[in-house]
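S.K.: To start, I am sharing the structure in question, which I have written as structure tokens.
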Amino acid sequence: MDSMEIPVLNLSNDPPVVPHATYKVGIRRKTRQVNVGGIKVGGGAPISVQTMTKTKTSDVAGTVAQIVRAAEEGCDIVRVTVNDKEAADAMAEIVRQSPLPIVADIHFNHIFALKSIEANVAKVRLNPGNIGSRERIHQVLNAAKGKGIPIRIGVNSGSLEEDILNKHGYPTAEALYESAMRHVGICDEFGFRDVIVSVKSTDVRLMIEAYRLVAERTDIPLHLGVTEAGTARVGTIKSAVGIGTLLAEGIGDTIRVSLTDEPYKEVEVGKEILRSLALASRNVELIACPTCGRLEVDLFGIMAELEKRLEGIKKPVKIAVLGCVVNGPGEASEADIGIAAGKGVGILYRKGEVIRRVKESEIVDVIVEEVKNFQPELEESK
Ligand code: SF4
């Protein structure tokens, strides 16, 4: 990808918060690296995808089932809430049964943090400034250090400290940055540097600006997310815009898409965001024209059936189906497998070469067969 300088987003008519900052598209930001149960985060490691379970944590079987399903979808790390004694008691068994590293999500309670660390979680999400006395902070950071567990400091525009809110008037990017750095500062005081930071907001522009500030001023790995993004449709769009914008600028080391939906759905969307920026290996990629008055086949029907028939196939193959001869041949010949449709027929392309004519009624079967026979390595070494 060519590198190109783009300006920092300005949220208002005021001068930009970081007036001269520019980012190089396609170049990853350099950060320190932390290890989350064997998954490296930051320091040039592949960007990992996270989700969070939605069961009562004390329901070990239900929680593990969600983790296993997320793992099947390609999830790297799973967060589990530790919000009561029953949840804390269940952590050891969940860690034991989980195929993925587990992050304990803790608010305020240092005992739950200590129990989770003892249960061998891979990371703790906790803001040290919120757990009380220096003695408690010391105990938790010491225990985490002893096991080589990183801490994620998660700041959210909806729960900023009162004094920071009073100072800034309302949740601003600077306010989110200041809150995160307060917790980072506490960790630093105790010599604890294995931290990851998130500065989330439901406001996409605000989270973009806040993450840019942390990225500009520190070398801490960043966990990206738009908080409470919403239902699948809205949440997917908001996350793609917020997380995608930052990733395209080289910012972000691990991501979580928050949806009011099953954890594996969050993973699906997260993986797709990474794929769209060539930050994850490709899966089946299905491209179709939007259709217009020139359309000469039932493209909606063909695509719906193709999507169903190709579900679950994990192959890095790009398929393009175009509805007429205007743009069809060009686009179809750029894909691994392409169809440029004409009246009741399609011209089949394989890696840019015309293979043969196919009847409209056979297009789906022919593509599925081509996908089955497609061998990425062989094709690429040709
Ligand atoms: Fe219209 Fe043909 Fe373009 Fe499809 S490929 S949008 S049918 S012009």
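S.K.: Among the candidates Val267, Val297, which residue alone is away from the ligand (no atom under 15 Å from the Cβ) and either farther than 25 Å from Thr63 by Cβ or assigned by TED's automatic domain parsing to the domain that holds Met52 (or both)? Step through it out loud before you land on a result.
M.R.: Values: Val297 fails: away from the ligand (no atom under 15 Å from the Cβ).
Unique residue meeting the criteria: Val267.
S.K.: Of the residues Leu279, Leu295, only one is surrounded by fewer than 19 Cβ atoms within 10 Å (Cβ to Cβ) and out of contact with any Leu (no Cβ under 8 Å at 6 or more places or on another chain); which? Please lay out each step first, then the result.
M.R.: Values: Leu279 fails: out of contact with any Leu (no Cβ under 8 Å at 6 or more places or on another chain).
Exactly one residue qualifies, and that residue is Leu295.
S.K.: Working carefully through the options Gly252, Gly235, find the one that is in contact with a Phe, Trp or Tyr (Cβ under 8 Å, 6 or more places away or on another chain) and either modelled with pLDDT under 95 or more than 16 Å from the ligand (Cβ to nearest atom) (or both). Show your work before the answer.
M.R.: Working: Gly235 fails: in contact with a Phe, Trp or Tyr (Cβ under 8 Å, 6 or more places away or on another chain).
Matching residue, one of Gly252, Gly235: Gly252.
S.K.: I would also like to ask the following. Scan segment 346-373 residue by residue and report those that are of a type in the set (Gly, Ala, Ser) and either over 14 Å from Leu299 (Cα atoms) or touching a His at 6+ places or on another chain (Cβ under 7 Å) (or both). Quick ask: steps written out before the conclusion?
M.R.: Taking segment 346-373 first, the residues of a type in the set (Gly, Ala, Ser) are 346, 352, 361.
If the condition is that a residue be of a type in the set (Gly, Ala, Ser) and either over 14 Å from Leu299 (Cα atoms) or touching a His at 6+ places or on another chain (Cβ under 7 Å) (or both), then Gly352 is the only one that fits.
S.K.: I would also like to ask the following. Can you say whether Asp219 is in a loop (DSSP other than H, G, I, E, B), surrounded by fewer than 17 Cβ atoms within 10 Å (Cβ to Cβ), touching a residue at least 24 places away in the same chain (Cβ under 8 Å) and not assigned by TED's automatic domain parsing to the domain that holds Asn327, as far as the supplied structure shows? If you could, list the steps in order and put the result at the bottom.
M.R.: Working: in a loop (DSSP other than H, G, I, E, B): yes; surrounded by fewer than 17 Cβ atoms within 10 Å (Cβ to Cβ): yes; touching a residue at least 24 places away in the same chain (Cβ under 8 Å): yes; not assigned by TED's automatic domain parsing to the domain that holds Asn327: yes.
Yes, satisfied.
S.K.: To continue, here is another question. Filter segment 91-111 for residues that are among the polar types (S, T, N, Q) and surrounded by 16 or more Cβ atoms within 10 Å (Cβ to Cβ); which is farthest from Gly38 (Cα to Cα)? Give the steps one after another, and end with the answer.
M.R.: Residues of segment 91-111 among the polar types (S, T, N, Q): 97-98, 109.
If we keep only those that are surrounded by 16 or more Cβ atoms within 10 Å (Cβ to Cβ) as well, we get 98, 109.
Values: Ser98: 14, Asn109: 26 Å.
My answer is Asn109.
S.K.: Does Ser198 meet the test of being away from the ligand (no atom under 16 Å from the Cβ) and assigned to a strand (DSSP E or B)? Give the derivation first.
M.R.: On the way: away from the ligand (no atom under 16 Å from the Cβ): yes; assigned to a strand (DSSP E or B): yes.
It is true that Ser198 is away from the ligand (no atom under 16 Å from the Cβ) and assigned to a strand (DSSP E or B).
S.K.: Please work out which one of (1) under 19 Å from Asp105 (Cβ atoms); (2) touching a Lys or Arg at 6+ places or on another chain (Cβ under 8 Å); (3) in a helix (DSSP H, G or I) is the condition Phe192 fails and give its number.
M.R.: (3)
S.K.: Looking at Ile117, Ile153, Ile137, Ile149 in this structure, which one is under 26 Å from the mean Cα position of the chain (by Cα), under 20 Å from Gly191 (Cβ atoms) and part of a helix (DSSP H, G or I)? Explain how you work it out, then say what you get.
M.R.: Numbers: Ile153 fails: part of a helix (DSSP H, G or I); Ile137 fails: under 26 Å from the mean Cα position of the chain (by Cα); Ile149 fails: part of a helix (DSSP H, G or I).
Testing whether each residue is under 26 Å from the mean Cα position of the chain (by Cα), under 20 Å from Gly191 (Cβ atoms) and part of a helix (DSSP H, G or I) leaves just Ile117.
S.K.: If the requirement is being at pLDDT below 95, of a type outside the set (Asp, Glu) and buried (at least 19 other Cβ atoms within 10 Å of the Cβ), which of these qualifies: Leu114, Leu160?
M.R.: Exactly one of Leu114, Leu160 is at pLDDT below 95, of a type outside the set (Asp, Glu) and buried (at least 19 other Cβ atoms within 10 Å of the Cβ), namely Leu160.
S.K.: Would you point out which residue out of Glu285, Glu331 is away from the ligand (no atom under 16 Å from the Cβ) and surrounded by fewer than 20 Cβ atoms within 10 Å (Cβ to Cβ)? Break it down stepwise before answering.
M.R.: On the way: Glu331 fails: away from the ligand (no atom under 16 Å from the Cβ).
Within the list Glu285, Glu331, the selection yields Glu285.
S.K.: List the strands (runs of 3 or more DSSP E) inside segment 1-84, counting only whole elements, that have at least 1 residues being under 21 Å from Arg275 (Cα atoms) and at pLDDT below 95. Step through it out loud before you land on a result.
M.R.: Values: elements: 5-7, 22-24, 34-36, 39-41, 48-52, 77-81.
In segment 1-84, 22-24 are the strands (runs of 3 or more DSSP E) which contain 1 or more residues that are under 21 Å from Arg275 (Cα atoms) and at pLDDT below 95.
S.K.: While we're on this one: Quick check, is Tyr170 more than 16 Å from Val36 (Cβ to Cβ), in contact with a helix residue (DSSP H, G or I) (Cβ under 6 Å, 6 or more places away or on another chain) and without any contact (Cβ under 8 Å) to a residue 60 or more places away in the chain?
M.R.: Details: more than 16 Å from Val36 (Cβ to Cβ): yes; in contact with a helix residue (DSSP H, G or I) (Cβ under 6 Å, 6 or more places away or on another chain): no; without any contact (Cβ under 8 Å) to a residue 60 or more places away in the chain: yes.
Here the answer is no, as Tyr170 does not meet what is asked.
Residue-wise test of (1) within 12 Å of the ligand (Cβ to nearest atom); (2) in contact (Cβ under 8 Å) with a residue 40 or more places away in the chain; (3) over 27 Å from the mean Cα position of the chain (by Cα); (4) surrounded by 15 or more Cβ atoms within 10 Å (Cβ to Cβ).
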site	(1), (2), (3), (4)
Ala304	no, no, no, no
Val321	yes, yes, yes, yes
Ile347	no, no, yes, yes
Gly352	no, no, yes, no
Arg357	no, no, yes, no
Glu360	no, yes, yes, yes
Asp365	no, no, yes, no
Gln375	no, no, yes, no
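S.K.: Now, a different point. Conditions: (1) at negative phi; (2) within 12 Å of the ligand (Cβ to nearest atom). Thr291 meets all but one. Number of the miss?
M.R.: So the condition that Thr291 fails would be (1).
S.K.: Please work out which residue is farthest from the ligand (Cβ to nearest atom), limiting yourself to segment 306-316 and to residues that are touching a residue at least 24 places away in the same chain (Cβ under 8 Å) and over 17 Å from Gly346 (Cβ atoms). Outline the logic, then answer.
M.R.: In the first step, residues of segment 306-316 are kept if they are touching a residue at least 24 places away in the same chain (Cβ under 8 Å); the result is 306, 309-310, 313-316.
Narrowing further to those that are over 17 Å from Gly346 (Cβ atoms): 313-316.
Values: Ile313: 25, Lys314: 28, Lys315: 25, Pro316: 24 Å.
Selected residue: Lys314.
S.K.: If you go through segment 158-189 one residue at a time, how many are under 24 Å from Arg134 (Cβ atoms) and not in a helix (DSSP H, G or I)?
M.R.: Final tally of qualifying residues: 2.
The values are calculated or read from the model by the stated rules, or taken from the named source; none is laboratory data. Keep in mind it's a predicted model, so treat the numbers as computed, not measured. Note: ideal-geometry Cβ built from the backbone for every residue, glycine included; neighbour counts use all protein chains shown.
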